[in-house]
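Right, one structure below, let's go through it.
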Amino acid sequence: MNPTTTRIPLATGLPPKFVWGVATASYQIEGAAAEDGRTPSIWDTFSRVPGAVHNGDTGDVACDHYHRMPQDVALMKSLGVDSYRFSVAWPRVQPHGRGPVNEAGLGFYERLVDELLGNGITPWVTLYHWDLPQELEDAGGWPHRDTAYRFADYAMLVFDRLQDRVDTFTTLNEPWCSAWLGYHVGVHAPGRRDFDASLAATHHLLLGHGLAVQAMRAAETRPHTYGITLNMGTADPHGDTEADRDAARRADGMGLRLYLDPLRRGEYPADVVADLAARGSAMPVHDGDLEVISTPFDVLGVNFYFGQDFAGTDADGNTHDEQGEPVVRAVLPDTPRTAMDWPITPERFTRLLLRLHRDYPGLPLVVTENGAAFDDQPDETGYVADDDRTAYLASHIAAVAAAREQGADVRGYFAWSLLDNFEWAYGYAKRFGIVHVDYATQERTPKQSALWYRDSIAALRA
Ligand code: IFM
């Protein structure tokens with residue numbers, strides 16, 4: 001078999017200067033959970049709660065990237081990517097969530113950056129991809145206002161050391177997941193179920209973002225690119241009814257506008273504020289917070305996986321749930337699904353990018369995550385002929401090209417993910433990598449999708 005053979009045409013329609021990358025996150029790949037002074041994060045704790053993570057999996061070893069970093073950078077180089085998006089583990093760099101830097105922990109990221117630069121790969125730093133030091137959760141976590149200030153201090157420890165070699169610093173990855181899944185739904189760390197705590201977490205995550213951008217910009221010795229990454233989908237009414245239109249509005253309000261409006265317009269959306277007030281809730285805003293949150297930044301990271309429809313009635317036709325709250329029921333569009341049961345909706349990706357361009361103008365966009373899990377079937381050599389993932393990437397890259405043609409200022413695309421890795425509550429059961437990882441041996445084998453990505457990048461540059 002020729003592993004470079006693919007049945008999917010190479011990606012086209014994007015200019016030679018477009019940035020191509022791969023992305024990962026610290027807890028999902030690093031392992032070495034107790035080495036060199038790293039303390040537990042909320043995910044170390046949560047993954048030990050019985051039933052919280054599939055199969056009782058943890059990030060203790062993950063892809064052992066902490067010990068295999070040079071080989072993993074060599075792998076990226078072999079794929080020809082321009083940039084690598086990785087996150088810094090706060091409990092490695094500042095083990096107690098406050099206080100001095102842990103040199104051994106920060107040293108890992110210095111070596112990583114040097115290795116990348118030495119291989120012609122541009123580092124793209126995410127400061128927070130969900131691994132809050134457990135000590136800060138014990139002190140109240142993101143619902144506690146002080147955590148925003150702790151985050152800005154931590155960001156400065158990283159920035160001070162890396163700003164000479166790193167151009168792009170993004171603050172948070174997907175604060176909706178941290179706040180909503182972590183503090184309201186409880187399926188992510190720290191596993192709390194408290195609606196008002198999740199609102200407070202949202203506000204303090206955004207505040208921490210603004211404080212960090214202000215602090216970094218004030219301390220920069222040369223210009224940098226600052227940003228934040230949000231996970232965004234599209235929310236369409238399931239049917240042509242008032243109830244379904246209102247459900248879609250609510251979903252869009254809580255999922256997208258609750259973040260982008262304060263970041264770009266300096267205010268929480270009025271309809272969402274009214275919805276929250278109707279249930280006796282409010283964002284815990286102090287004077288001056290929205291000025292901090294709306295501090296200008298340079299790039300919006302867009303993580304897109306799928307779009308959904310929303311219905312304002314439950315399966316029995318009720319418009320309100322047992323707590324008396326309006327029903328907002330996700331209905332998956334009738335399309336093929338990934339192994340996550342997520343619908344495959346590339347045309348909605350184009351629509352999202354155009355909507356961001358229209359509603360939040362003047363902000364360059366970079367796709368900081370896009371990809372898919374499928375039930376890979378490696379052959380005896382570990383090679384995976386993943387037509388399904390290749391087709392997913394091809395259709396979504398085409399969706400980006402279509403958005404650009406219609407005016408959206410999209411400047412780059414990072415495939416999620418370089419490696420199969422710890423997929424949060426799904427443990428190691430879901431594989432998003434374009435490179436297969438045999439967790440028993442830690443052997444890495446590029447899948448067909450990786451080779452297709454490599455060949456597409458090369459062709460687009462030619
Ligand atoms: O694996 C995650 C990542 O950590 C954040 N964005 C979505 C990915 C797939 O679920």
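The values are calculated or read from the model by the stated rules, or taken from the named source; none is laboratory data. Every value quoted in this text rests on a predicted model; they were computed, and no experiment measured them. Reconstructed Cβ throughout: ideal geometry from the backbone, glycine too, with neighbour counts over all protein chains shown. Only protein heavy atoms, including side chains, enter the accessible area calculation; ligands, DNA and RNA are left aside. Shrake-Rupley method; radii C 1.70, N 1.55, O 1.52, S 1.80 Å.
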* Sequence-separation-based contact order of region 1-152, relative, with Cα cut under 8 Å and 6+ spacing, percent -> 28 percent
* Do you know the relative contact order of region 102-250, to the nearest whole percent, from alpha carbon pairs under 8 angstrom that are 6+ apart? -> 25 percent
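Excluding ligands, DNA and RNA, what is the solvent-accessible area per residue of region 313-422 at a probe of 1.4 Å, expressed in Å²? Let's see the in-between values first.
Values: 4590 Å² over 110 residues.
Normalised by residue count, the accessible surface of region 313-422 is 42 Å².
Calculate the all-directions average of the projected area of region 168-267's alpha-carbon convex hull, and give it in nm². List each step's numbers first, then the result.
Values: hull surface 30.9 nm².
The Cα convex hull of region 168-267, projected and averaged over all directions, gives 7.7 nm².
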* Stokes-Einstein D in µm²/s, Kirkwood radius over Cα pairs - region 205-248 at 25 °C with 0.890 mPa s viscosity -> 178 µm²/s
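Can you give the calculated 222 nm mean residue ellipticity of the chain, where each DSSP H run of n ≥ 4 adds -39,500 (n - 2.57) and the sum is split over every residue, rounded to the nearest 500 deg cm²/dmol?
One gets -11500 deg cm²/dmol as the mean residue ellipticity at 222 nm.
Using alpha-carbon pairs under 8 Å, 6+ residues apart, how would you state the relative contact order of region 212-284 in percent?
Working: 38 pairs, mean separation 11.8, N = 73.
That works out to 16 percent.
Given a 1.4 angstrom probe, I'd like the percentage of the accessible area of region 145-208 that is carbon and sulfur, rounded to a whole number. Please report the intermediate quantities before stating the final value.
Values: 860 of 1750 Å².
That fraction is 49 percent.
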* Asked: What does the convex hull of the Cα atoms of region 273-323 come to per residue, in Å³, rounded to a whole number?
  -> 144 Å³
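Rounded to two decimals, what is Rg over Rh for region 167-219 when you use alpha-carbon atoms and the Kirkwood radius?
Working: Rg = 12.7 Å, Rh = 11.6 Å.
With Rg and the Kirkwood Rh in hand, the quotient comes to 1.10.
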* To do: Compare the Cα positions of Ile42, Ala62, Val73 along the charge dipole of region 32-79 (+1 at Cβ of Lys, Arg; -1 at Cβ of Asp, Glu; about the Cα centre) and return the one farthest towards the positive end.
  => Val73
* Taking the Cα centre of the chain as origin, work out the dipole magnitude from +1 charges on Lys and Arg Cβ and -1 charges on Asp and Glu Cβ, in debye rounded to 20. => 1200 debye
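Place a +1 charge on the Cβ of each Lys and Arg in region 259-370 and a -1 charge on the Cβ of each Asp and Glu, then give the dipole magnitude about the Cα centre in debye, rounded to the nearest 20. Before the final figure, lay out each step's value.
On the way: 9 positive and 19 negative charges, 102 e Å.
Using only the charged Cβ atoms, the result is roughly 480 debye.
Using +1 on the beta carbon of Lys and Arg, -1 on that of Asp and Glu, and nothing else charged, what's the dipole of region 199-302 about the Cα centre, debye to 20?
Values: 9 positive and 15 negative charges, 74 e Å.
That gives a dipole near 360 debye.
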* Return the Cα extents of region 63-205 along principal axes one, two and three, sorted largest first, each rounded to a whole Å. => 46, 31, 25
* To do: Compute the Cα gyration tensor for region 294-359, then decide on rounded, prolate or oblate, letting a ≥ b ≥ c be the square roots of its eigenvalues: rounded whenever a/c is under 1.5, prolate when a/b is larger than b/c in the other cases, and oblate in all that remain.
  => oblate
* Give the Cα extents of the chain along the principal axes, in whole Å, largest first. => 60, 52, 46
* Could you tell me the distance between the Cα centroids of region 416-431 and region 262-335, to the nearest Å? => 27 Å
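Checking the a/c ratio against 1.5 first, then a/b against b/c, what shape does the Cα gyration tensor give for region 217-360? The partial results should precede the final answer.
Values: a/c = 2.72, a/b = 1.39, b/c = 1.97.
Judged from the Cα gyration tensor, region 217-360 comes out oblate (a/c at least 1.5, b/c at or above a/b).
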